[in-house]
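Inspection log for the structure reproduced underneath, given as structure tokens.
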Amino acid sequence: MRARCGDIVLQSLVGGLLCAGTANAQFIESELEFNVPIDSHRVLRGFEDGRGSILLTGRSKTSEKYIALYPILNDSVHATATIDMTVPAEVLFFDAGRVGDEMSLLFLTPSGISRLEPESATLLPLADMPSIFRTPSNAAVTELDFFMDVNQDGRDDIVLTDFDGLRIALQSEDGFVQQNVLNIRPELRFNQGAPYYQVQDLHYFDFTLDGKKDLAIIRDNRFLVFEYTESGFASSSISMPIDIEILDEANESYDDQVVDIDQSDFRVSRIDKVADLDGDELPDIMTITTVSSGLFNKHTEYNVHLGRNGSDGVRYESIADAQIPSDGIQVALSILGEDDDTGKDLVSTSFRLGFGELITALFSRSIKINVELYRIGTEPLYPAKPDYRAKVKLRFSLSTGFVNVPAVRFGDFDGDGNSDLMLQQDVEGLEIRLGDGRDFKSGKLKWSTTLPRDGTLIKVVDVNGDERQDVLVGYGRGDGDEMRTRLRILLGHPMEVDAR
Ligand SMILES: [Ca+2]
Ligand SMILES: [Ca+2]
Ligand SMILES: [Ca+2]
Ligand SMILES: [Ca+2]
């Protein structure tokens with residue numbers, strides 16, 4: 001255990017009581033306390049002479065917006081912020097990336113992008129570019145992915161959706177060069193009568209098979225591909241049909257059909273994700289299909305269609321290359337290690353929705369969630385049965401309406417090269433199952449700490465860059481006001497399962 005040294009606050013805590021058949025996990029735990037309730041947090045790698053920082057954003061009771069940066073040390077986070085400032089109400093979103101040679105924190109305002117100048121703690125205009133975010137608001141400053149290298153030249157570029165279309169400014173040696181506005185507009189949708197704009201999902205892959213990544217959106221079962229050329233993305237798109245049996249209409253009618261209370265037999269599919277699963281850099285498509293034969297007789301399945309080399313670009317077989325089934329309703333199919341170049345394991349989370357399950361849920365105020373891990377292979381691409389199963393409980397309160405969603409995360413927390421499974425146990429602690437190749441070691445590790453009711457506030461990320469995944473724990477409204485100013489940091493550490 002480490003002790004307090006200088007002004008570095010380290011609250012190394014030993015988790016929980018030793019239970020039979022379990023041992024204590026090892027994390028180095030510390031806590032940051034912000035002066036206002038925290039709205040979002042992010043690890044910024046490469047800041048502070050390469051060591052990195054944790055960014056916190058928050059708002060006071062009078063809606064003043066605050067940001068703070070806390071430097072990351074090897075085995076702790078400095079409890080004193082290097083930057084702690086208010087930002088103007090115009091600031092709506094943040095992102096981070098490289099401007100020139102320097103890692104920078106960027107903010108989106110109604111007029112464009114500003115950059116934080118750390119020495120003077122001021123915001124300097126970087127690029128004038130309008131987006132669909134035209135007015136300042138009291139809303140939280142949260143993360144938006146608007147700064148990324150879209151043309152693979154090693155320089156981060158600006159991508160913003162505006163009402164006229166998609167605006168891209170490519171970073172060059174001399175600054176940002178705005179490109180022709182691409183005809184990718186946000187869609188006007190309605191949520192309970194209130195209009196809002198839905199930004200299109202953008203897919204960056206080499207659709208035309210010339211070795212350069214293009215930009216595509218999906219519309220009416222087609223990829224509309226804006227090819228990358230010498231002078232940037234082409235202004236007009238190439239239409240590439242996706243020969244998979246999915247709804248002909250736009251994707252949103254899927255939800256209407258699934259939710260529709262007319263419970264006649266149906267089978268309806270939509271595209272859920274586009275990602276490279278097998279590591280060949282071609283975009284693969286995951287569809288979700290709902291099969292219904294009555295109100296309490298529904299199940300879903302995901303199907304994987306691998307992208308293949310075709311004569312006119314990427315093509316797909318109508319028969320799926322793999323299926324991730326369930327005997328219930330799948331709430332998510334997560335892709336593990338999405339940023340890696342290798343093949344991706346998949347995690348399906350689902351619950352059963354039968355009449356019996358519904359009655360049990362109402363009495364016990366809880367629903368069992370099945371977590372199923374499918375390891376990628378070659379033949380078959382994914383096994384017919386999951387490689388590993390675990391169960392967690394989602395609890396809800398009919399009186400307060402709070403739903404406790406447990407966090408389920410995979411990551412290599414002890415740094416032995418095997419990915420481990422972390423399951424949230426209510427608000428009291430974490431359970432870790434250490435990975436062992438494609439399997440998991442028997443026995444569970446426990447770590448007691450105060451967790452949020454909403455497990456989505458628990459993030460797994462390598463905070464200190466030691467190749468061990470760490471855990472960032474935020475708190476929400478359901479956790480009480482005094483918790484909302486805190487961010488808990490659990491740094492991963494070598495661990496052993498008790499051999500008993
Ligand atoms: Ca670039
Ligand atoms: Ca692929
Ligand atoms: Ca591990
Ligand atoms: Ca780490």
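A short reminder: the numbers here are calculations on the coordinates, not readings from a lab. Just so it is clear, the model here is predicted, and its values are computed rather than measured. Glycine gets a Cβ as well: all are built from the backbone with ideal geometry, and neighbour counts include every protein chain shown.
Please order His41, His493 by the number of other Cβ within 10 Å, starting at the fewest. Mind showing how you got there, number by number?
On the way: His41 23, His493 18.
Ascending Cβ contact count within 10 Å gives the list His493, His41.
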query: Roughly how many Å is it from the Cα centre of the stretch 41-108 to that of the stretch 185-239, as a whole number?
result: 31 Å
query: By how many nm would the segment from Asn180 to Gln198 lengthen if fully extended, with 0.36 nm per residue of separation less the alpha-carbon distance?
result: 4.3 nm
message: For the stretch 76-124, what are Rg and Dmax over the alpha carbons, in angstrom?
response: 11.7, 38
task: State the percent of C-alpha pairs, over all pairs in the stretch 445-500, separated by a distance greater than 13 angstrom.
output: 64 percent
Efficiency of FRET between Lys391 and Arg189 - r from beta-carbon atoms, R0 41 angstrom, step 0.05: 0.70
Highest-first arrangement of 453-463, 185-195, 392-402, where packing means the average Cβ count within 10 Å: 453-463, 392-402, 185-195
- request: Just report the Cα centroid separation between the stretch 405-478 and the stretch 123-148, whole Å.
  value: 32 Å
query: What are the residues whose amide H is under 5 Å from the amide H of Asp412, where those residues sit 5 or more places off or on another chain and H is modelled from the backbone?
result: Asp420, Gln469
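I'd like the GluC sites (Glu not before Pro) in the stretch 113-180 restricted to DSSP loop residues with at most 12 other Cβ atoms within 10 Å, sorted by number. Write out the running numbers ahead of the final one.
Values: sites: Glu119, Glu143, Glu173; in loops: Glu119, Glu173.
Counting only loop positions with at most 12 other Cβ atoms within 10 Å, the GluC sites (Glu not before Pro) in the stretch 113-180 are Glu119, Glu173.
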- request: Would you mind calculating the relative contact order of the stretch 345-500 from Cα pairs under 8 angstrom and at least 6 residues apart, reporting the percent as a whole number?
  value: 15 percent
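With the Cα gyration tensor of the stretch 24-142 in hand, give its eigenvalues times 5 under a square root as the equivalent ellipsoid semi-axes, listed largest first in whole angstrom.
Details: eigenvalues 131, 64, 27 Å².
That gives 26, 18, 12 Å for the three semi-axes.
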message: Bins of 10 Å, beginning at zero and ending with the bin holding the largest distance: percent of Cα pairs per bin for the stretch 356-477, please.
response: 12, 37, 33, 15, 3
For the chain: span of alpha carbons on each principal axis (Å, largest first): 62, 60, 45
field: Value of relative contact order over the chain, rounded to a whole percent, pairs C-alpha under 8 Å and six or more apart
entry: 12 percent
query: Once the convex hull of the C-alpha atoms of the stretch 116-215 is built, how many Å³ does it hold per residue, rounded to a whole number?
result: 149 Å³
message: Explain nothing, just the number: relative contact order of the stretch 287-415, from Cα pairs under 8 Å at least 6 residues apart, as a whole percent.
response: 16 percent
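What's the magnitude of the charge dipole for the chain around its Cα centre, counting Lys and Arg as +1 and Asp and Glu as -1 at the beta-carbon? Answer in Debye, nearest 20. Could you put the intermediate results ahead of the total?
Numbers: 49 positive and 84 negative charges, 449 e Å.
Dipole magnitude for the chain comes out near 2160 debye.
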